[in-house]
1. Applying the selection to segment 198-228, what residues are in a helix (DSSP H, G or I) and free of Cβ contacts under 8 Å to residues at least 12 places away in the same chain?
2. Looking for something outside any helix (DSSP H, G or I), in contact (Cβ under 8 Å) with a residue 12 or more places away in the chain and open to solvent by 40 Å² or more (accessible area, probe 1.4 Å) - is there at least one such residue anywhere in segment 350-367?
3. Find all pairs meeting these conditions: Cβ atoms under 6 angstrom apart; at least six residues apart or on different chains; first residue within segment 261-286 and at pLDDT 85 or above and assigned to a strand (DSSP E or B); second residue open to solvent by 30 Å² or more (accessible area, probe 1.4 Å) and among the β-branched types (Val, Ile, Thr).
4. Report the residue count in segment 201-237 for those that are modelled with pLDDT of 75 or more and among the small types (Gly, Ala, Ser).
5. For the structure I just gave you, tell me whether VAL568 is of a type in the set (Val, Ile, Thr) and either open to solvent by less than 40 Å² (accessible area, probe 1.4 Å) or at pLDDT 85 or above (or both).
6. How many residues, within segment 538-565, are in a strand (DSSP E or B) and modelled with pLDDT under 85?
7. For ASP398, which of the numbered conditions (1) touching a helix residue (DSSP H, G or I) at 6+ places or on another chain (Cβ under 7 Å); (2) without any contact (Cβ under 8 Å) to a residue 12 or more places away in the chain; (3) of a type in the set (Asp, Glu) fails to hold?
8. Select, from THR382, THR330, THR289, THR297, the only residue that is under 20 Å from the mean Cα position of the chain (by Cα), free of Cβ contacts under 8 Å to residues at least 40 places away in the same chain and at negative phi.
Amino acid sequence: MADPSSYRPKPGQIPDSPGVYKFRDEHRRVIYVGKAKNLRQRVANYFQDLAHLHPRTRTMVTTAASVEWTVVSTEIEALQLEYSWIKEFDPRFNVKYRDDKSYPYLAVTLNEEFPRVQVMRGAKKKGVRYFGPYGHAWAIRETVDLMLRVFPVRTCSAGVFKNAARTGRPCLLGYIGKCSAPCVGRVTPEEHRELAEDFCDFMAGRTGTYIRRLEKDMMQAAEEMEYERAARLRDDAGALKRAMEKSAVVLADATDADLIAVAEDELEAALQIFHVRGGRVRGQRGWVTDKVEAVDTSGLVEHALQQLYGEERGDAVPKEVLVPALPEDTEAVSQWLAERRGSQVSLRIPQRGDKKDLMATVQRNAQQALGLHKTKRASDLTTRSRALEEIAEALGLDTAPLRIECYDISHLQGDDVVASMVVFEDGLARKSEYRRFQIKGFEGQDDVRSMHEVIGRRFKRYLQEKERTGEWEEQPTGTPADGPAPTGPVPGPVPAADPAVGDGEPTAVAEGTEPREDDGRPKRFAYPPQLVVVDGGQPQVAAAKRALDELGIDDIAVCGLAKRLEEVWLPDDDDPVVLPRSSEGLYLLQRIRDEAHRFAITYQRAKRAKRIRTSPLDDVSGLGETRKQALIKHFGSVKKLRQATIDEICEVPGIGRRTAESVAAALASTTPAAPAVNTATGEIIEEDDGGSS
């Protein structure tokens, strides 16, 4: 690990002009490329105190061994040079999008004497006109088959073309009218090229001209009583309309635009692009990337624009590019796009109307793509094994942690404090083992104390299970039979769990089928984890470790994952463990932590909603839901029920005197809710209808 101060440029050595800079490692490999309006200000930011740098930036500068820069005249030149260098050097710390699949394009080889229409994948070639990308190659072939009636362009390979020219006989498409047969001289090269250009114009969205021309010719042929020709023109127009119907109209004003949406988390980002031409979606593609540099949404958008249009010219760059966030230097990026198109390009965020609605659709596609990518990544056995090995190595564990438990605390401003426990075995969620806890040992908000309570309760139950099954036998010296003397207090007979605190609740209904013992009782905390992960930093980790020490458990590793910087904290360590950005181990820990957070907040919200719906009548023994509703319906509200006498309550069908006395006593022991106030007028709103006070 290099010390950035060893290669820091001298003060005043860096120019304050626009430019592009490169960080190189000790082997002279370029590991990062960036651009700046002011090189002096931007490069100097990398050489501040390491503690103030983003973890990914910190990793980059400590990997680097030198920095160099190139001055340019304008910010647009800097943008272009940055793109060129990223493409040339492929730096490991730059965001690089990769296609989540190899998309097929409809390509027209205008660089040949007789242009050919075909399906193409991979890198784009110079002189070839591309349309798409399409989701499936068969969609291209269906479209081409319809359009060849009107634009009979060559589709055969070079070998077939040469063989037909040698024998003087065209292929089958030439005989059925779906190829103009330039191979046998039915059309000149100029006429065939004109057909190919018309084909390209139609695919580019200029559809109305050709359909109107065909309909006009059809009417003229009908007037001249050339009915066969009129019928053929009618079928041609119908074929073009069916080809158009394969892509629905999404923007009514025949807009040419690309819509870009980003879905991201701390580690990865997914990008979706919809290509709209003539108001119709003509293509869609998706990219995914690891966030190997400290980059926000605007930075991801700028990288995407560079990769999307870096090799494009002319109409391949649309008039409008709609994005979720504008790049940092919007003006320079817009000018760069305009230079590549040859005319003005509008780069903006859609605010209203059809374009905003379509952007929401693109965003949903991006979210689904990110979720699918994560699912595929998590389900790969090799990847999971590597993740567990990386965690074991980073935390200094003897073996890979095959069972990991993660804990999270959730509350709303100190109310309804709950905790969650999620379990991952062999890198996969084990939802039947999830548990949830209510924090009842104290009142108020204290995440550290809550974590201590939850860990203590969970592992107290684990020790009780061991004692019940005979796995834990009390020794005369207080030493467990199957291990050395613990470092903390030695457990004797484990006390029963405090009923006021309660055990972790199983989650069979919400998360899966609950495992059971042979006698049919629910299985509780039967297996200990090799690793306990808590959502938080040093304080939460210390609380969890203290709870284990108090129970005499010293063979379970503990760590915490701090959300802000994704740092891994260990007990008694002043500095965190920073896993590499590309680490599968970090990805797995983050996924476990996020699942614990999801499970905790779901429980907390449900608990809060249940509390809000409670009524003083809930405490009346023997009063079911039907009779509660009858009381509310009879009196109109709990407020009026509270004011009623016992004799008046007895008038309700199904309510006896003993029940009426219980209802009156329960309502008398509760404090009425404060009256509602209209904040606009200051008027007190009386409760006239049903409900609970």
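1. As a first pass, look at segment 198-228 and keep what is in a helix (DSSP H, G or I): 198-203, 208-223, 227-228.
Passing the criteria: ASP201, GLY208, THR209, ARG212, ARG213, LYS216, MET219, GLN220, ALA222, GLU223, TYR227, GLU228.
2. Our first condition is that a residue be outside any helix (DSSP H, G or I); within segment 350-367, this holds for 350-352.
Remaining after also requiring in contact (Cβ under 8 Å) with a residue 12 or more places away in the chain: 350.
Narrowing further to those that are open to solvent by 40 Å² or more (accessible area, probe 1.4 Å): none.
The answer is no; no qualifying residue exists.
3. VAL262/THR297; PHE274/VAL281
4. Result for segment 201-237: 5.
5. Numbers: of a type in the set (Val, Ile, Thr): yes; either open to solvent by less than 40 Å² (accessible area, probe 1.4 Å) or at pLDDT 85 or above (or both): yes.
When the stated conditions are applied, VAL568 passes them.
6. To start, the set of residues in segment 538-565 that are in a strand (DSSP E or B) comprises 557-562.
Filter once more, so that each one left must be modelled with pLDDT under 85: 562.
Here the count works out to 1.
7. Every condition holds for ASP398 apart from (1).
8. Numbers: THR382 fails: under 20 Å from the mean Cα position of the chain (by Cα); THR330 fails: under 20 Å from the mean Cα position of the chain (by Cα); THR289 fails: free of Cβ contacts under 8 Å to residues at least 40 places away in the same chain.
From the options THR382, THR330, THR289, THR297, the qualifying one is THR297.
The values are calculated or read from the model by the stated rules, or taken from the named source; none is laboratory data. Source: prediction; values computed, not measured. Please note: Cβ atoms are built from the backbone with ideal geometry, for glycine as well, and neighbour counts cover all protein chains shown. Heads up: the accessible areas ignore ligands, DNA and RNA and are worked out on the full protein's heavy atoms, side chains in. Shrake-Rupley method; radii C 1.70, N 1.55, O 1.52, S 1.80 Å.
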